[in-house]
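Worksheet for the structure shown next.
The values are calculated or read from the model by the stated rules, or taken from the named source; none is laboratory data. These figures come from a predicted structure and were not determined experimentally. All Cβ positions, even for glycine, are placed from backbone atoms using ideal geometry, and neighbour counts span all protein chains on display. For accessibility, only protein heavy atoms count, side chains too; no ligands or nucleic acids. Shrake-Rupley method; radii C 1.70, N 1.55, O 1.52, S 1.80 Å.
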Amino acid sequence: QVQLVESGGGLVQAGGSLRLSCAASGSIFSNDDMAWYRQAPGKQRELVAGITSGYMTNYADSVRGRFTISRDNAKNTVYLQMNSLKPEDTAVYYCFCNDLLSRVYWGQGTQVTVSS
């Protein structure tokens, strides 16, 4: 059973930065595709950024150029570096894993709040 534990959320002023971390256990992490999603109040969950096992990345248009997703297979961890944060980035951020057998897993979420 894969477990995903997020950390790094918090309250930051607009223009500031945060780095989210997601520690994974219970799978061969290097084989997994990973991603970050977010869900704001009253809105649907949306993809923020993804990184494949082969290190290919993709980003939502709203965060491209401001956010960077990366992974450290030695630490079984995926990161989301968020710069130039905006109030509209306020949401619960979820770590997502799609393993080699196409099973999907979610973390419990971490709150990011950006004040104006």
Ordered by number, the chymotrypsin sites (Phe, Trp or Tyr not before Pro) in region 1-100 that occupy a DSSP loop and have at most 13 other Cβ atoms within 10 Å are TYR55
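Can you pull the Rg over Rh of the chain, Cα-only, Kirkwood?
Looking at the chain, the ratio lands at 0.95.
Counting only protein heavy atoms and using a 1.4 Å probe, what share of the accessible area of the chain belongs to carbon plus sulfur, as a whole percent?
Accessible surface attributable to carbon and sulfur in the chain totals 49 percent.
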Do me a favour and compute the ellipsoid semi-axes for region 41-93 from its Cα gyration tensor, root of five times each eigenvalue, largest one first, whole Å.
21, 12, 11
Once you measure Cβ to Cβ distances between cysteines in the chain, which Cys have no partner under 4.7 Å?
CYS97
For a label point 7 Å from the Cα of ASP72 along Cα→C-beta, name the residues of region 36-65 whose backbone N is under 19 Å from it.
36, 51-56
For region 69-116, what is Rg from Cα atoms divided by 2.2 N^0.38 Å, rounded to two decimals?
1.39
Please give the FRET efficiency for VAL5 paired with ASN83, using the beta carbon to beta carbon distance and R0 = 25 Å, rounded to the nearest 0.05.
0.60
